[in-house]
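Heads up, the thing below is written out as structure tokens.
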Amino acid sequence: MSESALPQAPSRAPTDLPALIVLVLGAATIGFAGILVRLTETGPTAGGFWRLALAVPFLFLLNLGVRAKPGHADRGHRLAIYAGLLFAGDLVCWHYGLVLTSVANATVLSNLAPIVVALAAWVFLRDAPRPIFALGLTIGVAGACGMALFANHAAKPSSLLGDAFGAATAVWYGFYLLAVNAARRTLPAATIMLISSAAGAPILLAVALLLGEPIIPASIHGWFACLGLAGVHVVGQGAIAWALGRVKASVAAVTLLVQPVVAGLAGMLIFDETLTPLQLIAAGMALAGVCIARLAAAPKIEAAPAA
């Protein structure tokens with residue numbers, strides 16, 4: 001969940017090599033978010049709270065001197081608040097998915113968000129995708145189901161529930177992206193990140209307290225993990241938001257799939273998580289489906305990874 005970047009207006013400019021490098025680094029940075037969630041020594045939702053709460057001061061500094069675009073700024077602020085509430089739901093589902101299933105499963109499933117965005121844009125905005133979108137949707141959903149069904153459930157019986165949380169993450173994040181896309185008409189990306197983070201943090205704290213989660217990390221190592229999550233939130237999403245305006249959407253759609261690859265490799269190296277051969281095939285199908293769906297969708301909505 002994947003834990004993502006902000007939508008930008010579509011760009012038709014030639015690919016900018018420095019921006020492409022920044023885009024890859026941003027996506028790779030977000031790929032480590034799932035690892036850091038496991039290391040926070042707090043409850044899953046509490047980890048999400050610290051991710052947003054500790055990021056707010058840095059985002060405030062980034063907003064010094066930033067001005068809203070001419071237009072209905074009040075509406076943009078309301079949409080940014082809605083985005084924060086949706087992002088809180090995203091983090092609750094994604095973080096619990098990370099606890100109950102593998103980092104790779106949770107991250108790949110959460111990256112179905114672009115398909116959710118395209119479907120929602122089709123239904124609510126009459127923004128119809130090209131016919132090939134149906135092919136990408138079918139391949140992506142089949143791959144996501146395969147990730148869950150072909151897992152070694154004997155070794156981790158609760159993973160189906162975790163996979164369900166990962167899939168739910170894509171729904172929350174998809175609607176978050178739609179809210180951000182609308183807010184971007186009058187507010188800069190940095191301002192939306194600040195408002196949405198400030199709005200989502202208290203929701204996550206309330207949920208963590210309601211569920212009886214441990215809030216405070218047990219050691220200095222846990223605090224470093226929480227700070228790392230905040231850094232991922234600011235640096236990873238910030239890098240992607242900056243690069244998306246300078247890289248063609250078709251190139252960005254493929255490049256951003258670096259995130260689940262990094263997450264899966266990190267999970268294997270740090271937590272000794274392994275995927276079955278059928279899961280590896282299913283993961284490739286899920287990512288290919290997302291790529292096809294994003295390239296086929298109408299270009300008015302841009303989506304970046306979850307998490």
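Read-outs throughout are calculated quantities, based only on the coordinates presented, and are distinct from any laboratory measurement. On a predicted model such as this, the values are computed, not experimentally measured, just so you know. Glycine gets a Cβ as well: all are built from the backbone with ideal geometry, and neighbour counts include every protein chain shown.
Suppose the chain between Ala142 and Asn63 were pulled fully straight at 0.36 nm per residue; how much longer would it get relative to their current alpha carbon spacing?
Between Ala142 and Asn63, full extension yields 24.3 nm more.
Only counting other Cβ atoms within 10 Å, I'd like His77, His221 sorted with the fewest neighbours first.
Ascending number of Cβ neighbours within 10 Å: His221, His77.
Sorting Val123, Val37, Val22, Val116 on the 10 Å Cβ count, fewest up front, what's the list?
Val123, Val22, Val116, Val37
Would you list Asp272, Asp90, Asp163 from fewest to most Cβ contacts within 10 Å?
In increasing order of surrounding Cβ atoms, one gets Asp272, Asp163, Asp90.
What FRET efficiency comes out for Ile281 versus Val235 if R0 is 41 angstrom and r is the Cβ-Cβ distance? Round to the nearest 0.05.
The calculated FRET efficiency here is 0.80.
Residue by residue through the range 198-214, which ³J(HN,Hα) values in whole Hz follow from phi under the Karplus form 6.51 cos²θ - 1.76 cosθ + 1.60 (θ = phi - 60°), with glycine and proline marked x?
Going residue by residue, I get 5, 6, x, 4, x, 5, 5, 5, 4, 5, 4, 5, 4, 7, x, 6, x Hz, with x marking Gly and Pro.
Under a point spin-label approximation (7 Å from Cα along Cα-to-Cβ), what is the Ala134-Leu269 distance to one decimal in nm?
Modelled inter-label distance: 4.3 nm.
Hey, rough spin-label estimate for Arg185 and Leu160, points 7 angstrom out along Cα→Cβ, what's it come to in nanometres?
4.4
In nm, to one decimal, how far is the modelled label at Asp74 from the one at Val123, with both set 7 Å along Cα→Cβ?
Spacing of the two 7 Å Cα→Cβ label points: 3.1 nm.
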